[in-house]
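I have placed the structure first, in the form of structure tokens, so that the comments after it can refer back to it.
The numbers here are math on the coordinates, done by the rules we state, and not lab data. Not measured: the values here are computed from a predicted model. Every residue, glycine among them, receives a Cβ derived from its backbone with ideal geometry; neighbour counts consider all protein chains shown.
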Amino acid sequence: MMQSDVIEADLNRITITDPFLGEYQRLIRDVVIPYQWEALNDNIPEAEPSHALANYRIAAGLEPGEFYGMVFQDSDVTKWLEAVAWSLSQKPDSELEQTADAVIELLAQAQCEDGYLNTWYTVKEPGLRWTNVAECHEMYCAGHLFEAAVAFFNATGKRRLLEIACRFADHIDTVFGPNDGQLRGYPGHPEIELALMRLYEVTREPRYQALARFFLEERGQQPYYYDIEFEKRGGTWHWDNWGEAWMVKDKAYTHAHKPLAEQNEAVGHAVRSVYLMTGLAHLARLTHDEEKRQTCLRIWNNMVQRRMYITGGIGSQGIGEAFTSDYDLPNDTAYGESCASIGLMMFARRMLEMEGDAHYAEVMERAFYNTVLGGMALDGKHFFYVNPLETHPKSIPHNHIYDHIKPVRQRWFGCACCPPNIARTLVAIGHYLFTPRQDALFINFYAGSEAQFTVNGRALALKIEGNYPWDEQVTIRFSQPQAVEHTLALRLPEWCEAPQVRVNGNAAQGDIIKGYLHLHRQWQEGDVVTLHLPMTIRRVYANSRVRHAAGKVAIQRGPLVYCLEEADNGAELHNLSLPKTATFREIQGVGVLKGKVLLQAEGLRVLTAQENKPLYSFDNRQTAVEKQMLTFIPWFSWANRGEGEMRIWVDEA
């Protein structure tokens with residue numbers, strides 16, 4: 001379906017109201033955005049310096065100095081700006097808006113006359129722009145600028161940042177393309193593709209969609225562009241710490257080993273992969289391109305059926321932050337970068353727009369309520385870059401296989417892509433709750449919210465009430481003054497065994513299509529839809545090919561995956577097991593876990609052997625087992641009570 005056929009959602013009119021995510025949005029607004037502002041200004045004493053704003057001031061000629069940080073440092077600022085934009089759309093704040101306006105003016109001053117904007121090349125390597133698109137993230141940074149510009153325009157109506165973004169996009173459009181004198185390159189880190197599609201939706205400038213198409217279709221063509229530019233610059237590479245031009249040579253790392261139409265697997269750097277596919281899915285939908293749709297389906301299915309963790313994490317290894325092979329999902333060395341799960345949500349959202357299938361919402365919800373929420377501490381000031389499914393802190397300092405694992409969240413990172421990415425996603429979650437299409441308004445998960453949509457020129461206004469994902473009852477109330485004929489598509493969650501839906505007190509009558517209950521009627525003020533979604537405690541088993549979960553079980557309630565943590569269960573969690581016959585009871589969390597549902601069941605513990613027992617023996621009779629009450633907490637909330645062991649997959653006795 002063409003974009004003009006889709007009902008338009010005014011995302012600025014979606015407000016989160018429920019106790020759970022509402023608290024997260026308050027945290028982003030009151031704590032995270034100010035905290036990250038201080039981090040970007042290098043005012044957090046215990047955190048690694050950012051220097052990102054200083055780089056812009058130097059590029060603008062406002063102060064002397066040298067560039068500091070990663071080649072993609074600019075993107076930390078623009079992701080922060082995007083988080084600010086979404087926050088302003090939720091709750092206006094004149095002081096915050098003035099701060100953002102000042103940052104936008106700083107970007108305008110740093111922008112070159114031809115529209116180019118990148119502080120690394122302006123300050124550190126003038127004259128070398130566009131000579132190393134394989135490694136140096138110019139278009140990645142441009143993409144995050146474009147996304148921020150769209151969000152800020154939607155939130156405030158101000159065009160200043162949008163004009164900066166369009167000038168840069170216009171410049172890139174003159175440099176890259178299929179015409180004589182243009183470079184036939186494409187970004188080493190995809191992001192600009194999805195951002196150009198968003199920029200196109202706001203501006204309706206066809207060149208932006210065409211440029212996204214060029215980057216997507218040129219990728220992987222031979223001769224390889226990365227090799228051409230590598231030879232042109234004399235065989236030099238950027239990432240000296242690796243000792244070789246691995247990012248140029250390993251084409252699969254960037255999904256550039258062959259054209260996308262010929263690819264079947266999720267490979268390489270996980271964040272790159274899902275950002276790339278997000279742009280491809282968006283383009284496929286808008287242009288009715290069946291070949292691109294089929295590519296999205298193939299890579300999606302490989303990713304989520306064979307290479308995704310139960311938490312919605314992707315990327316099994318620290319080296320390259322990358323996918324490995326089918327069913328290779330180690331727990332204690334998992335990478336599962338926070339940004340990768342955010343990218344997976346973005347990919348899922350675009351697939352859902354195209355397919356109208358609840359399967360994509362299931363994955364989107366799984367990634368959000370587990371890995372993305374878990375990426376930030378409950379205080380809003382500490383963050384995970386890597387999200388393992390099991391930790392043993394005593395081993396981490398002594399074994400380099402765990403070099404990427406942190407048993408507690410960090411205040412900031414030298415490579416700080418994740419904290420502002422988490423912030424912009426949490427504050428923009430309304431973007432994911434609803435999928436407005438021509439055929440129906442899809443409700444994907446049931447966070448308390450107020451929203452208004454335009455359907456055939458009329459307002460459709462509704463409010464979702466409840467305490468999702470803790471409570472089983474959800475109520476949807478309509479409040480628009482005029483009746484609106486439309487279809488409401490309600491997701492029936494896969495984790496829910498017997499959902500019940502009623503309309504104005506009567507059993508709902510509708511068709512279940514691809515996991516959504518479709519209800520078509522004249523919706524009017526006073527209409528009430530109620531859902532009962534039993535949050536049965538479910539045991540989850542991995543495919544038998546996943547060797548890392550053999551003989552083990554995981555616990556899930558609603559969309560939340562649970563884990564054991566040392567704070568509740570003591571050390572040596574590997575000695576705990578859960579009998580198949582054990583029954584669970586729910587308890588309310590206390591302290592930092594207040595408001596969260598915890599689970600308890602009677603399990604078993606193998607008692608620790610005496611120090612003088614042999615390391616290995618032929619006699620196991622000395623092994624003693626005792627009963628122990630096991631306490632499971634929502635995995636996203638682990639590591640908020642100090643350092644300790646954690647594990648999701650538990651031996652099933």
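Could you please state, rounded to a whole Å, how far the C-alpha centre of the stretch 443-503 is from the C-alpha centre of the stretch 303-319?
31
Working out 0.36 nm times the residue gap between GLU113 and ASN41, then minus their Cα-Cα distance, what length gain in nm do you get to one decimal?
That works out to 23.3 nm of additional length.
Please rank ARG159, ARG198, ARG57, fewest neighbouring Cβ atoms within 10 Å first, as an exposure proxy.
Taking fewest neighbouring Cβ atoms as first place, the list is ARG159, ARG57, ARG198.
Run through the stretch 552-653 and list the trypsin sites (Lys or Arg not before Pro) located in a DSSP loop whose Cβ has at most 11 other Cβ atoms within 10 Å.
LYS580, LYS594, ARG621
State whether the chain is rounded, prolate or oblate according to the following rule on the C-alpha gyration tensor (a ≥ b ≥ c being the square roots of its eigenvalues): a/c under 1.5 gives rounded; otherwise a/b larger than b/c gives prolate, and the remaining case gives oblate.
Here the chain falls in the oblate category.
Given the rule -39500 (n - 2.57) for each run of at least 4 DSSP H residues, summed and divided by the residues of the chain, what is its mean residue ellipticity at 222 nm, to the nearest 500 deg cm²/dmol?
Counting only the DSSP helices, I get -10000 deg cm²/dmol.
How much length is gained if the chain between GLN600 and ARG547 is pulled fully straight, taking 0.36 nm per residue apart and subtracting their Cα-Cα distance, in nm to one decimal?
16.4 nm
Note down the relative contact order for the stretch 1-147 as a percent, whole number, built from C-alpha pairs under 8 angstrom at least six residues apart.
25
Determine, from the Cβ-Cβ distance of GLN222 and ASP357 and an R0 of 30 Å, the FRET efficiency 1/(1 + (r/R0)^6), rounded to the nearest 0.05.
0.30
Of LYS79/LYS381; LYS91/LYS463; LYS394/LYS552, which sit over 21 Å apart, Cα to Cα?
Exceeds cut-off: LYS394/LYS552.
Tell me, what does the Kirkwood hydrodynamic radius of the stretch 535-650 come to in angstroms if you use every pair of distinct C-alpha atoms?
15.4
Please state the relative contact order of the chain as a whole percent: Cα pairs under 8 Å, 6+ residues apart?
13
What order do you get for THR203, THR287 when you list them from fewest to most C-beta neighbours inside 10 Å?
Lowest count first: THR287, THR203.
Could you tell me the largest-minus-smallest coordinate of the C-alpha atoms of the stretch 437-530 on each of the three principal axes, in descending order and whole angstroms?
Sorted from largest, the Cα extents of the stretch 437-530 read 37, 26, 24 Å.
Provide HIS398, HIS282 in ascending order of the number of other Cβ atoms located within 10 Å of each residue's Cβ, fewest first.
With the sparsest Cβ surroundings first, the list reads HIS398, HIS282.
In nanometres, what is the gap between the two model label sites at ASP101 and GLU586, each 7 Å from Cα along Cα-to-Cβ?
4.8
If you take the beta carbon distance between LYS627 and ALA261 as r and set R0 to 60 Å, what does 1/(1 + (r/R0)^6) give as a FRET efficiency, to the nearest 0.05?
Numbers: r = 58 Å, r/R0 = 0.96.
The pair LYS627/ALA261 has a calculated efficiency of 0.55.
Taking R0 as 30 Å, what FRET efficiency do you get between GLN524 and LYS91 from their Cβ-Cβ distance, rounded to the nearest 0.05? All intermediate terms of the calculation are to be shown ahead of the outcome.
Details: r = 29 Å, r/R0 = 0.98.
Working from the Cβ atoms, E equals 0.55.
Just subtract the alpha-carbon distance of GLU66 and ARG477 from 0.36 nm times their residue separation and send over the number in nm, one decimal.
The GLU66-ARG477 span can extend by a further 142.3 nm.
Go ahead and collect, in residue order, the members of the stretch 499-527 whose backbone nitrogen is under 17 Å from a label point 7 Å along the Cα-Cβ direction of THR536.
Zone members listed by number: 499-501.
Report relative contact order for the stretch 437-530 in percent, whole number only (criteria: Cα-Cα under 8 Å, sequence separation at least 6).
Numbers: 192 pairs, mean separation 28.0, N = 94.
Relative CO of the stretch 437-530 lands at 30 percent.
Among the lysines, select those whose C-alpha is under 17 Å from the C-alpha of LYS232, and discard any that sit fewer than 8 residues away in the same chain.
Hits, sequence-local ones excluded: LYS249.
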